[in-house]
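Chemist: Next up is a structure, given as structure tokens.
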Amino acid sequence: RLNFNYSGELLATGDKGGRVVIFQREQESKNRPHSRGEYNVYSTFQSHEPEFDYLKSLEIEEKINKIRWLPQQNAAHFLLSTNDKTIKLWKISERDKRAEGYNLKDEDGRLRDPFRITSLRVPVLMPMDLMVEASPRRIFANAHTYHINSISVNSDHETYLSADDLRINLWHLEITDRSFNIVDIKPANMEELTEVITAAECHPHQCNVFVYSSSKGTIRLCDMRAAALCDRHTKFFEEPEDPSSRSFFSEIISSISDVKFSHSGRYMMTRDYLSVKVWDLNMENRPVETYQVHEYLRSKLCSLYENDCIFDKFECCWNGSDGAIMTGSYNNFFRMFDRNSRRDITLEASRESSKPRAMLKPRKVCTGGKRKKDEISVDSLDFNKKILHTAWHPKENVIAVAATNNLYIFQDKIN
Ligand SMILES: *[C@@H]1O[C@H](CO)[C@@H](O)[C@H](O)[C@H]1NC(C)=O
Ligand SMILES: *[C@@H]1O[C@H](CO)[C@@H](O)[C@H](O)[C@H]1NC(C)=O
């Protein structure tokens, strides 16, 4: 759960414990003019607490599923965070002055004896150490029966959508007591359920258009101008299955775990278990590009099913100019694909590689045959170390990679 703000100066992260940590890039310093600023902790706050749903006797975890910045409109920053059920709008603001010289209380806040107040003082604003405050502004609750998997701020900057397994709702950022249900795929009889919604996103420029992906590997594009309830899609993207590679696991591995529009709005990218696909919005019958993330796992699907890894939900992201894409894998590896040259690289997020000025070394997984020096064999990959969440700075070559318990931020060397 990672998200850069629109200029890339701030990076928000949400964790299993319901906490949000915001990092801010330090300003370029005069003594080191050519060094890029590092990201330091700017603010930390508890966004969600564990709750209990008494009606259903269910525990609601505090784990943050998604976090999204709103475009900045004044000095304060706003972000949305969600756990399985409840979305919150947070305001993050700075304070560097405080009022001093009250008449009725002294500097520690204790009330003064009124009989000893003999003169009237005018309170003054005094500078103080910068304080960053996070305050909850709105709570959008009680609109999702199933687990929320996505939130996406619309390009009108006034509305956003939230999606769970079976429904998508549209909210106004100012209104918390009602939302519009724009997609509902819940069958009358739950036994007929064959497909669930896995991710949803608003188009970056057209505020009436959004897409959602499904557990069957399909993507539907909907236009809110066509109908209020978008049960009928406008476009339907699906790649015909290759019959030769059909297996027991075909449907599970074709489930889409993430969908992201390109910044230009012309393409979208989807991540399934083994690959990333780029789709042109004008071509529904097949993706224009397919990148293998870890094809060597195809022979391991049985054990990945047994240890539940096959259900891991990997996210994917574009770089600022849509020329490259990134997604995670196992063993703390992550993959980058250059769309132009079709070159790809495997990198590792580790303590070694995150030392200041360390270079990321390309890693290689050996797939049968003789293992070369520096290569790692498929059998020694650690499936407990996975990179599900990654984010790319919107303008520069700076990436954030969330490994199991650590956050890594890598930036390009200057020169
Ligand atoms: C992102 O955050 C930085 C740092 O506070 C701020 O200067 C910038 O305006 C923000 N950008 C946007 C577009 O929200
Ligand atoms: C995105 O990646 C492409 C291809 O590697 C590169 O040419 C471009 O400069 C990158 N854009 C940004 C904003 O980093």
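Chemist: Determine whether LEU407 is touching a helix residue (DSSP H, G or I) at 6+ places or on another chain (Cβ under 9 Å) and surrounded by 13 or more Cβ atoms within 10 Å (Cβ to Cβ).
Modeler: In short, no.
Chemist: From the set of residues in the range 385-404 that are hydrophobic (A, V, I, L, M, F, W, C) and in a loop (DSSP other than H, G, I, E, B), which is surrounded by the most Cβ atoms within 10 Å (Cβ to Cβ)?
Modeler: Filtering the range 385-404 down to residues hydrophobic (A, V, I, L, M, F, W, C) leaves 387-388, 391-392, 398-403.
Now drop any that are not in a loop (DSSP other than H, G, I, E, B), which leaves 387-388, 403.
Working: ILE387: 25, LEU388: 19, ALA403: 20.
My answer is ILE387.
Chemist: Write out, first by first residue and then by second, each pair whose Cβ atoms fall under 7 Å of each other, whose residues are 6+ apart or on separate chains, and whose first residue, in the range 386-415, is polar (S, T, N, Q) while the second is assigned to a loop (DSSP other than H, G, I, E, B) and crowded, with 21+ Cβ neighbours inside 10 Å.
Modeler: Correct list of pairs: THR390/GLU315.
Chemist: Can you report the number of residues in the range 134-169 which are part of a loop (DSSP other than H, G, I, E, B), over 20 Å from ILE64 (Cβ atoms) and not hydroxyl-bearing (Ser, Thr, Tyr)?
Modeler: 5
Chemist: Can you tell which of SER43, SER81 is more than 16 Å from ligand 2 (Cβ to nearest atom), modelled with pLDDT of 95 or more and surrounded by 12 or more Cβ atoms within 10 Å (Cβ to Cβ)? First the steps, then the outcome.
Modeler: Numbers: SER43 fails: modelled with pLDDT of 95 or more.
Of SER43, SER81, the one residue that is more than 16 Å from ligand 2 (Cβ to nearest atom), modelled with pLDDT of 95 or more and surrounded by 12 or more Cβ atoms within 10 Å (Cβ to Cβ) is SER81.
Chemist: While we're here: Could you please let me know if VAL211 is surrounded by 12 or more Cβ atoms within 10 Å (Cβ to Cβ), among the aliphatic types (A, V, I, L, M) and in contact with a Leu (Cβ under 9 Å, 6 or more places away or on another chain)? First the steps, then the outcome.
Modeler: Details: surrounded by 12 or more Cβ atoms within 10 Å (Cβ to Cβ): yes; among the aliphatic types (A, V, I, L, M): yes; in contact with a Leu (Cβ under 9 Å, 6 or more places away or on another chain): yes.
Considered against the rule, which asks whether it is surrounded by 12 or more Cβ atoms within 10 Å (Cβ to Cβ), among the aliphatic types (A, V, I, L, M) and in contact with a Leu (Cβ under 9 Å, 6 or more places away or on another chain), VAL211 comes out as yes.
Chemist: With respect to ASP382, is the statement that it is touching a residue at least 12 places away in the same chain (Cβ under 8 Å), surrounded by fewer than 13 Cβ atoms within 10 Å (Cβ to Cβ) and charged (D, E, K, R) true?
Modeler: Values: touching a residue at least 12 places away in the same chain (Cβ under 8 Å): yes; surrounded by fewer than 13 Cβ atoms within 10 Å (Cβ to Cβ): yes; charged (D, E, K, R): yes.
Criteria met by ASP382.
Chemist: Still on this structure, please answer the following. Residue check: is THR86 touching a Ser or Thr at 6+ places or on another chain (Cβ under 9 Å), under 30 Å from ILE175 (Cα atoms) and away from ligand 1 (no atom under 16 Å from the Cβ)? Full working, then the answer.
Modeler: Numbers: touching a Ser or Thr at 6+ places or on another chain (Cβ under 9 Å): no; under 30 Å from ILE175 (Cα atoms): yes; away from ligand 1 (no atom under 16 Å from the Cβ): yes.
In short, no.
Chemist: Output the strands (runs of 3 or more DSSP E) that fall wholly within the range 1-103 and possess 2 or more residues being over 30 Å from ASP113 (Cβ atoms) and of a type in the set (S, T, N, Q), or say none. Please lay out each step first, then the result.
Modeler: Working: elements: 2-4, 10-14, 19-25, 39-46, 51-53, 58-60, 66-69, 77-82, 87-100.
The qualifying strands (runs of 3 or more DSSP E) are 39-46, 77-82.
Chemist: Is it the case that ARG286 is assigned to a loop (DSSP other than H, G, I, E, B) and of a type outside the set (Val, Ile, Thr)?
Modeler: Details: assigned to a loop (DSSP other than H, G, I, E, B): yes; of a type outside the set (Val, Ile, Thr): yes.
In short, yes.
Chemist: Working only within the range 156-185, note down all residues that are of a type in the set (Ser, Thr, Tyr), touching a Leu at 6+ places or on another chain (Cβ under 7 Å) and in contact (Cβ under 8 Å) with a residue 60 or more places away in the chain.
Modeler: Here is the first cut: in the range 156-185, the residues of a type in the set (Ser, Thr, Tyr) are 159-160, 162, 176, 179.
Applying the additional criterion that residues be touching a Leu at 6+ places or on another chain (Cβ under 7 Å) yields 159-160, 179.
Matches in the range 156-185: TYR160 only.
Chemist: Same structure, new question: Looking at the range 1-17, which of the residues that are more than 16 Å from ligand 1 (Cβ to nearest atom) and not acidic (Asp, Glu) is farthest from the chain's Cα centre (by Cα)? Spell out how you get there, then give the answer.
Modeler: Start the filter on the range 1-17 by keeping residues that are more than 16 Å from ligand 1 (Cβ to nearest atom), which leaves 1, 14-17.
From what's left, not acidic (Asp, Glu): 1, 14, 16-17.
Numbers: ARG1: 4, GLY14: 9, LYS16: 14, GLY17: 16 Å.
Top of the filtered list is GLY17.
Chemist: If VAL153 meets every condition in (1) out of contact with any Leu (no Cβ under 9 Å at 6 or more places or on another chain); (2) touching a residue at least 60 places away in the same chain (Cβ under 8 Å) apart from one, which number is that one?
Modeler: (1)
Chemist: Here's something else I'd like to know. Give just the number: which of (1) within 16 Å of ligand 2 (Cβ to nearest atom); (2) under 18 Å from TYR296 (Cβ atoms); (3) out of contact with any Phe, Trp or Tyr (no Cβ under 9 Å at 6 or more places or on another chain) does THR346 not satisfy?
Modeler: THR346 satisfies every listed condition except (3).
Chemist: Would you say SER350 is more than 23 Å from ASN149 (Cα to Cα), more than 16 Å from ligand 1 (Cβ to nearest atom), more than 17 Å from the chain's Cα centre (by Cα) and crowded, with 17+ Cβ neighbours inside 10 Å?
Modeler: Yes: the conditions hold for SER350.
Chemist: Inside the range 188-227, can you point out the residues that are among the charged types (D, E, K, R) and touching a Ser or Thr at 6+ places or on another chain (Cβ under 9 Å)? Spell out how you get there, then give the answer.
Modeler: Going residue by residue through the range 188-227, those that are among the charged types (D, E, K, R) are 191-192, 195, 201, 216, 220, 223, 225.
Hits for the range 188-227 are GLU195, GLU201, LYS216, ARG220, ASP223.
Chemist: Can you give me the number of residues within the range 361-382 that are charged (D, E, K, R), in a loop (DSSP other than H, G, I, E, B) and touching a strand residue (DSSP E or B) at 6+ places or on another chain (Cβ under 8 Å)?
Modeler: Going residue by residue through the range 361-382, those that are charged (D, E, K, R) are 361, 363-364, 370-375, 379, 382.
Retained after the next criterion (residues that are in a loop (DSSP other than H, G, I, E, B)): 361, 363, 370-374, 382.
Those left that are additionally touching a strand residue (DSSP E or B) at 6+ places or on another chain (Cβ under 8 Å): 361, 363, 371-372, 374, 382.
The total comes to 6.
Chemist: Still on this structure, please answer the following. Is there any pair linking a residue in the range 338-355 that is farther than 17 Å from CYS317 by Cα to one that is modelled with pLDDT under 80 and small (Gly, Ala, Ser), with Cβ under 8 Å and at least six apart or on different chains, and which?
Modeler: That search, which allows pairs on different chains as well, returns GLU352/ALA358.
Chemist: Kindly list the number of the only condition in (1) at pLDDT 95 or above; (2) exposed (fewer than 15 other Cβ atoms within 10 Å of the Cβ); (3) of a type in the set (S, T, N, Q) that fails for SER329.
Modeler: (2)
The values are calculated or read from the model by the stated rules, or taken from the named source; none is laboratory data. Worth saying up front: this structure is predicted, and the values here are computed from it rather than measured. Quick reminder, even Gly has a Cβ in these numbers, built from the backbone with ideal geometry, and neighbours come from all protein chains shown.
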